Amino acid sequence: MRKGKLEKAFTYLESGAVLLVTSSDGKKDNVMTISWQMVLDFTPRFAICTGSWNDSFKTILRTKQCTLCVPAVDLLNKVVGIGTVHASQCDKFKHFHLKKQKPTNVKSPLIADCLAAVECKLVDYINPYGILVLDGVQLWENPLKKEKTTAKPMFCGCFLLFFVLLIQFELYHLMKFAEYYFRGTTISISWCIT
C-alpha cells in the first residue's frame, strides 16, 4: 500500500447508488441528483446529504417529504443532466422527458423509468452537515425494467465520473458490436482513464 490523499478517503466508503430525489411544493415538482446517501437502519431509514444551494433541499425541509428514485445506467445521460441544471433554469421533468407516476403517501412524484422508488418522510435534519434523515413509507419496484445496473459514485464524486461511466458503457457496447461483426478475428482493445 501507499499513502493517498485524505480528501479521497470517502470515495472508498461511498458505495450507494446515485439517486434522483424528487420533491414537490404543491405547485412545482423538482428533481435533483444525489450521490451522497446511505442506509441507516432496516426500518427503512435513509440519509441524504445536500444543502441550501438546492431548491429541492429547501422544499424537502418545508414539506418534510421527498421520493428517492433509483435510476439504472440507461438513464445516466439524464442523471448527469439533472445534476448540472438548476431548477430555476427549466422544468427538469419536461426538459429530460421524465415520466411521472403518482405517489400514495407523499406529494413528490415517482420517476416511472427508474428501477425503484421510495416515498419518504423527513424525520430529522442535522444542520451543520446538511444531512436529511428520512423514513421510507412506501417502496415501489419496477419489475418490467430490463436494465438493473445502477451507477455508483467513485473517485472525486463529481459528475465527470458519470461521463467516464458513460464512455465505459458505450465502449462496452462498441466492443460487443465489434466482437459480433469481426467474429473469428482477434481484436484487442485496451484503454485506461486516469
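Below are the figures for this structure:
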read-out	value
Lone unmet requirement of (1) under 23 Å from residue 148 (Cα atoms); (2) in contact (Cβ under 8 Å) with a residue 40 or more places away in the chain; (3) surrounded by fewer than 13 Cβ atoms within 10 Å (Cβ to Cβ); (4) not hydroxyl-bearing (Ser, Thr, Tyr) for residue 16	(3)
Odd one out for residue 60, checked against (1) closer than 19 Å to residue 140 by Cα; (2) in contact with a strand residue (DSSP E or B) (Cβ under 8 Å, 6 or more places away or on another chain)	(1)
Any chance residue 3 is assigned to a helix (DSSP H, G or I) and either crowded, with 22+ Cβ neighbours inside 10 Å or modelled with pLDDT under 95 (or both)	no
Those residues of segment 21-44 which are in a strand (DSSP E or B) and either at pLDDT 95 or above or open to solvent by 90 Å² or more (accessible area, probe 1.4 Å) (or both), in sequence order	21, 22, 23, 24, 29, 30, 31, 32, 38, 39
Residue 47 vs. criteria more than 25 Å from residue 145 (Cβ to Cβ), hydrophobic (A, V, I, L, M, F, W, C) and in contact with a strand residue (DSSP E or B) (Cβ under 7 Å, 6 or more places away or on another chain)	yes
Selection count, segment 56-88, where residues are in a loop (DSSP other than H, G, I, E, B), open to solvent by 60 Å² or more (accessible area, probe 1.4 Å) and either hydrophobic (A, V, I, L, M, F, W, C) or modelled with pLDDT under 90 (or both)	2
All positions within segment 42-72 that are touching a residue at least 12 places away in the same chain (Cβ under 8 Å), of a type in the set (A, V, I, L, M, F, W, C) and over 15 Å from residue 124 (Cα atoms)	68, 69, 70, 72
Residue selected from segment 108-125 under the condition more than 23 Å from residue 27 (Cα to Cα) and without any contact (Cβ under 8 Å) to a residue 60 or more places away in the chain, by the criterion most open to solvent (accessible area, probe 1.4 Å)	124
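The values are calculated or read from the model by the stated rules, or taken from the named source; none is laboratory data. Values in this document were obtained by computation on a predicted structure and should not be read as measured data. All Cβ positions, glycine included, derive from the backbone under ideal geometry; neighbour counts span all protein chains shown. Ligands, DNA and RNA are stripped out before the accessible areas are found, and what is left, the full protein with its side chains, is counted by its heavy atoms. Shrake-Rupley method; radii C 1.70, N 1.55, O 1.52, S 1.80 Å.
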